[in-house]
Amino acid sequence: MEWVQQLINGISLGSIYALIALGYTMVYGIIKLINFAHGDVFMVGSFIGFYAITGFGLGFVPALLLSMAACAVFGVLIERIAYKRLRNATRIAALITAIGVSLLIEYGVIYVRGAQPEAYPNVFPNATFDLFGAKISSQSLFILLISVGLMIILQFIVHRTKIGKAMRAVSHDIDAARLMGINVDRTISATFAIGSALAGAAGVIFGIYYTKIEPLMGIIPGLKAFIAAVLGGIGIIPGAMVGGLVLGVAETVVSALGFSLWRDAAAFIILILILIFKPSGIFGKNSREKV
């Protein structure tokens with residue numbers, strides 16, 4: 001029964017990684033950019049949710065929606081100011097810019113509010129459910145349900161809406177999409193907005209799950225979410241979801257076996273193994289490129 005409990009905890013943690021990983025994989029799928037500032041959007045979302053709950057007295061759902069809306073706007077601003085001019089630049093130039101934006105956000109937040117951590121308020125009742133003899137916290141179940149709900153909404157947007165069809169078209173062939181009358185700039189901005197909104201939601205959920213938040217909190221979860229995206233197949237939305245869940249369960253299993261100090265290392269070991277044995281990821285396919 002201990003393993004059932006650990007499995008639920010791992011899936012809950014993995015769903016947070018999956019929400020962040022979706023932003024990485026959506027942006028990469030459209031403009032082939034690894035947006036390393038994405039982890040810091042997650043951090044900003046966590047602080048917006050914190051101040052919405054403690055400063056304005058909002059409940060969890062209004063704080064979550066406010067954080068998602070603010071992060072969506074923030075993501076679009078980052079794309080318009082930092083990345084739009086680099087569409088035709090080399091990959092290394094875009095990558096260095098992404099790292100620079102990441103550092104700017106981190107130390108900008110430290111300059112504005114200081115580096116001291118904050119403790120997230122407890123907004124969920126501390127109840128436990130008995131599932132086949134395993135004690136499951138209501139917090140883990142709420143987090144899992146919210147994350148899965150957001151992933152289902154994303155799938156609906158991508159496959160059933162006009163902007164979702166435009167995103168898939170731009171991802172497939174950006175020049176052909178432009179010739180067919182699709183507004184590529186607006187589609188890319190929408191992709192950043194959706195990915196950043198999911199990161200904001202993940203930030204609020206992460207704060208509730210781990211309680212402690214601070215300005216550099218986006219580094220490790222951001223890297224792990226990137227690993228989850230690579231594990232599932234970067235640029236493939238279902239791959240990011242599965243990769244996040246697999247990574248969360250793997251970390252929890254490592255901790256349950258008594259190697260809690262190795263839980264962060266486990267993610268990077270998985271990255272090394274996937275790059276050696278299946279670089280395209282679980283859902284990816286090898287494709288030929290002309291050199």
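Side notes on the structure shown:
- Gain on full stretching of the segment that runs from Arg186 to Val73 - 0.36 nm per residue minus C-alpha separation: 39.4 nm
- The overall shape of the range 146-291, judged from the alpha-carbon gyration tensor, is oblate: a/c is not under 1.5, and a/b is no greater than b/c.
- Residue-averaged [θ]222 nm for the chain, counting only DSSP H segments that reach four residues, each worth -39500 (n - 2.57): -24000 deg cm²/dmol
- Packing rank of 194-206, 151-163, 66-78, 37-49, where each peptide gets the mean count of other beta carbons within 10 Å, highest leading: 194-206, 37-49, 66-78, 151-163
- Cα-projected label distance for Leu273 with Tyr111, points at 7 Å along beta-carbon direction, nm: 4.3
- DSSP H segments from the chain that extend 27 Å or more along their own axis, Cα-based, with Kyte-Doolittle mean of -0.5 or above: 2-31, 91-113, 138-160, 184-210, 237-256
- Shape category assigned to the range 103-188 from the gyration tensor of Cα positions, a/c cut at 1.5: oblate
- Of all aspartates and glutamates in the structure, the ones whose alpha carbon falls short of 20 Å from that of Lys165, not counting any fewer than 8 places away in one chain, are Asp173, Asp175, Asp185.
- Peptides 103-113, 180-190, 26-36 ranked from most to least packed give 26-36, 180-190, 103-113, packing being the mean of other C-beta atoms within 10 angstrom over each peptide's residues.
- Ranked by the mean number of other Cβ atoms within 10 Å of their residues, highest first, the peptides 247-259, 266-278 come out as 247-259, 266-278.
- Subtracting the Cα-Cα distance of Val61 and Leu104 from 0.36 nm times their residue separation leaves 12.6 nm of extension gain.
- Evaluated with a Cβ-only charge set (Lys, Arg +1; Asp, Glu -1), the chain carries a dipole of roughly 1020 debye about its Cα centre, given to the nearest 20.
- Here the simple spin-label model places points 7 Å from the Cα toward Cβ, and for Phe124 and Asp175 these points are separated by 4.9 nm.
- Cross-link pairs beyond the 20 Å C-alpha cut-off, checked among Lys32/Lys285; Lys32/Lys84; Lys224/Lys285: Lys224/Lys285
All of the numbers you see were taken from the coordinates with simple rules; none came from a lab. Remember, predicted model here, so these are calculated numbers, not experimental data. Neighbour counts are summed over all protein chains in view; Cβ atoms, including those assigned to glycine, are modelled from backbone coordinates with ideal geometry.
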